[in-house]
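**Student:** Below is the structure I would like to discuss, written out as C-alpha cells.
Throughout, read-outs are computed from the coordinates displayed, never taken from laboratory work. Keep in mind that this is a model prediction, so the values were computed, not measured. Cβ atoms come from the backbone with ideal geometry, glycine included; neighbour counts cover every protein chain shown.
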Amino acid sequence: MARPRTFDEETVLSGAMHVFRRQGYTASSVRDLEEATGLTSGSLYNTYGDKRGLFRAASDHYNRKVLMRRLQDHAPKGSGIEGLRRLFLSLLHEPNGGSSGCLITNSAVEFGDTEIPPFVSHGFDLLREAFADRLGGDGPDAVGLLALYQGVLVLVRAGYETRDLEKMITNHFSILEACHGR
C-alpha cells in the first residue's frame, strides 16, 4: 500500500514552477528542484515519475494558478478592451520586481520547434479565447493580441525599457479601440 503524501502539493508545485520559470527546463537540476520544493529526489520521483513529470505538473499548475488568476485580476469577463489593456500593462510589472517572465513563453522559446509541451499550446489557447471573448469574438485580432502578448513578455525578459513598452501597448490599444468603435 502506498504511503499518503505528507507534503503540500500546492507548495511543491509552486516551488518547482518558479525554478522552471527562472532557469528553464534544461538548466533546472534535480538539486535546484529539491531546494525549491523541500522534497528529496526520491520523493519527487515517487510522486511525479521524473523531472519531466514534475515539469508537466508544475506547468499545469502555472496555467491554473498564474495565467488564469492574471486574466481574472486584470481582464475578467465583460471587461472588454479596457480589461485587455490592463492585462497587457500588468506584464510590465512582475511581482517583487522579478524578471523571470512567463513559463509559457519561456518554454515555447526553450523548446522551439522540437517538442512543444502541451501546456504551452493550452496556455496559448486560453489566452486567445480570452482575447476573442473580450473583443466580442474577433478571431484575427485575438491572434494578433496573442502575438503581441508573447512579444511583450520576451522583451520584458530581455530587459527592454518598460516606458517604451508601455507607450507601445497604450498606442496599440488606442488603435484597437478606434477599430472596434469603443
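**Student:** How big is D, in µm² s⁻¹, for the range 9-179 by Stokes-Einstein at 37 °C and 0.692 mPa s if Rh is the Kirkwood radius over C-alpha pairs? Working shown, then result.
**Tutor:** Details: Rh = 16.9 Å.
D = 195 µm²/s.
**Student:** Hey, what angle do you get for helix 9-23 against the long axis of the chain, alpha-carbon based, 0 to 90 degrees rounded to 10?
**Tutor:** So the inclination is approximately 70 degrees.
**Student:** Rounding to the nearest 10 and keeping the result within 0 to 90°, find how far the Cα-based axis of helix 80-90 lies from the longest principal axis of the chain.
**Tutor:** The angle comes out at about 50 degrees.
**Student:** Which whole-Hz ³J(HN,Hα) couplings does the range 141-152 yield from phi under the Karplus relation 6.51 cos²θ - 1.76 cosθ + 1.60, θ = phi - 60°, glycine and proline marked x?
**Tutor:** These are the phi-based 3J(HN,Hα) values: 5, 5, 5, x, 5, 4, 5, 5, 4, 5, x, 4 Hz.
**Student:** Need one number: nm distance between label points at T11 and I116, each 7 Å from Cα along Cα→Cβ, rounded to one decimal.
**Tutor:** It is 3.6 nm.
**Student:** Using Cα positions and a limit of under 19 Å, work out the aspartates and glutamates in reach of K65, with same-chain residues fewer than 8 apart set aside.
**Tutor:** D8, E9, E10, D73, E94, D125, E129
**Student:** What's the exposure ranking of K167, K65, going from fewest to most Cβ atoms within 10 Å?
**Tutor:** Numbers: K167 11, K65 14.
In increasing order of surrounding Cβ atoms, one gets K167, K65.
**Student:** Okay, helix-only estimate at 222 nm for the chain: each DSSP H run of n ≥ 4 adds -39500 (n - 2.57), divide by all residues, round to 500 deg cm²/dmol; what do you get?
**Tutor:** -21500 deg cm²/dmol
**Student:** For a label point 7 angstrom out from the Cα of A27 toward its Cβ, which stretches of the range 151-182 have the backbone nitrogen within less than 14 Å?
**Tutor:** Label zone hits: 157-159.
**Student:** Same structure again: Pop out the ³J(HN,Hα) list for the range 37-45 in order, Karplus 6.51 cos²θ - 1.76 cosθ + 1.60 with θ = phi - 60°, rounded to Hz; leave Gly and Pro as x.
**Tutor:** 9, x, 9, 7, 4, x, 5, 4, 5
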